[in-house]
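Worksheet: the structure to be examined is printed underneath.
Taken together, the values in this text are just the output of simple stated rules run on the coordinates, not laboratory data. These numbers come from a predicted model, not from an experiment. Positions of Cβ are backbone-derived with ideal geometry, glycine not excepted, and every protein chain shown enters the neighbour counts.
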């Protein structure tokens, strides 16, 4: 068994020069590692691999693959105990801290989703042994090559008052249109391919419920991003429209991108098909395995880091503009700190309340969904609070870093950009421009929308919480009190039987 070196940025960047078909601005993008709409953010993602390959970080970030001997990211690790889960989480936290939580589809997200699903391999085997083997073989391939995966698991929004069958000829959703001994052919669209620009492969699945007769849509598979017929339609690039890193520090380097994926008669070989024409198995692969829990547990790890970043940003703003000692400001900061700490503590609670899933250890299901329910509410609240605390400070900023190159303007800027904490004018502006990019820019608007809906609408997340809560225990507590008395206030017969 010969082991390759730990994956680094150079290896990842080279893997993206694969001739994938990406469109932006009405044109083919070509090499995404060089295109001005993507190149900086692609390198930000690639640097995550340099971080894990650094000898100082390798032990925390990676583990040895049991099949190849190569050390790969711990997101691919299947924890068998609470201690294993904690070790794995520390690696995910360290990666999230490299991007402040602003990369919602960093490589550890899909690795977590696929790894969680594979913990329920017996469910796949009961469904179809050939599909189970294909899935296991794919996991080993993805793990041993430390692949960066994206996924498309949602259909494009069309007429939501109609089912797929009712759309008839106006149906744009990806479905099977042909199959033979080599595999199936699919045609249609899926969304949202977040980070697809910088990923190696796309995992295609169906998270939304399917009707029993919608078998043509019921497919799960994985494909390289340069597969013939796979077309990626990028949304507007915030990176491309950024003025400079100083002016748009997040948009210029952390725009992970989102994209519509269109499958133009794409041939999918059988060894890349994990679910075939089974609406029920499409559901089970997420919810009857630990897959949905592991992917959302990773998301809560990431957003815990992101909320901490935002709270730190808020305090920095208040110290700079001299409002930190105002009681109402301290009150607002205290509330945000409590919200961020609550999410972080819930992350630890998911682990402490975790349970064995056969051989593997899985975070507590309801704790994950409870945290999601809260973070969908907390995020826009925190963003709005930072805007309130900042006031005009986020507006009274130079048009761009170029203003400093004009001596007359630079002199004026130095006079008016004064900080209560003594930082110089350029540092004050740097902080405020970072804050604006986090809470007020077009990039920031996308992030607010993303954090509110990446796990589905709030009613979907709340439904998961409703479904997984220990209602029997809650009801028994009510009964414990209510069963102690009757209509006339006498001691109830049930209470007399209590030990």
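The separation of the range 1-74 from the range 357-391, counted between C-alpha centres, amounts to 28 Å. Taking the helices alone, the chain has a mean residue ellipticity at 222 nm of -15500 deg cm²/dmol, built from -39,500 (n - 2.57) per DSSP H run of at least 4 residues and averaged over all its residues.
Computed over the alpha carbons of the range 1-92, Rg followed by Dmax gives 16.3, 50 Å.
Classify the range 9-287 from the C-alpha gyration tensor, please: rounded if a/c falls under 1.5, else prolate or oblate depending on whether a/b exceeds b/c. It is oblate, given that a/c is not under 1.5 and a/b is not larger than b/c.
On full extension of the chain, what length is gained from residue 449 through residue 479, given 0.36 nm per residue of separation minus the C-alpha to C-alpha distance? Additional length available on full extension: 6.6 nm.
Using R0 = 56 Å, the C-beta based FRET efficiency linking residue 470 and residue 213 works out to 0.95. Each peptide in 143-149, 17-23, 469-475 receives the mean, over its residues, of other Cβ atoms within 10 Å, and ordering these scores from highest gives 143-149, 17-23, 469-475. Using the Cβ-Cβ distance between residue 353 and residue 23 with R0 = 41 Å, the FRET efficiency computed as 1/(1 + (r/R0)^6) comes to roughly 0.35. Look at the Cα gyration tensor of the range 318-366: its axes a ≥ b ≥ c give a/c of at least 1.5 with a/b over b/c, and that counts as prolate.
Given their separation in residues at 0.36 nm each and the Cα-Cα distance between them, residue 341 and residue 136 gain 70.1 nm when the chain is fully extended.
Here are some values of semi-axes √(5λ) of the Cα gyration tensor in Å: (1) 52, 29, 19; (2) 38, 34, 23; (3) 35, 27, 23. Which one was computed from this structure? Label of the calculated value: (2).
Using a 7 Å offset from the Cα along the Cα-to-Cβ direction at both residue 264 and residue 56, what is the distance between the two label points in nm, to one decimal? Taking the two extended label points, one gets 4.7 nm.
Taking a ≥ b ≥ c as the square roots of the eigenvalues of the Cα gyration tensor, the range 133-265 is classed as oblate, since a/c reaches at least 1.5 and a/b does not exceed b/c. Using 19 Å as the cut-off for backbone N distance, which residues of the range 265-282 belong to the label zone defined by a point 7 Å from the Cα of residue 226 along Cα→Cβ? Zone members listed by number: 266-269.
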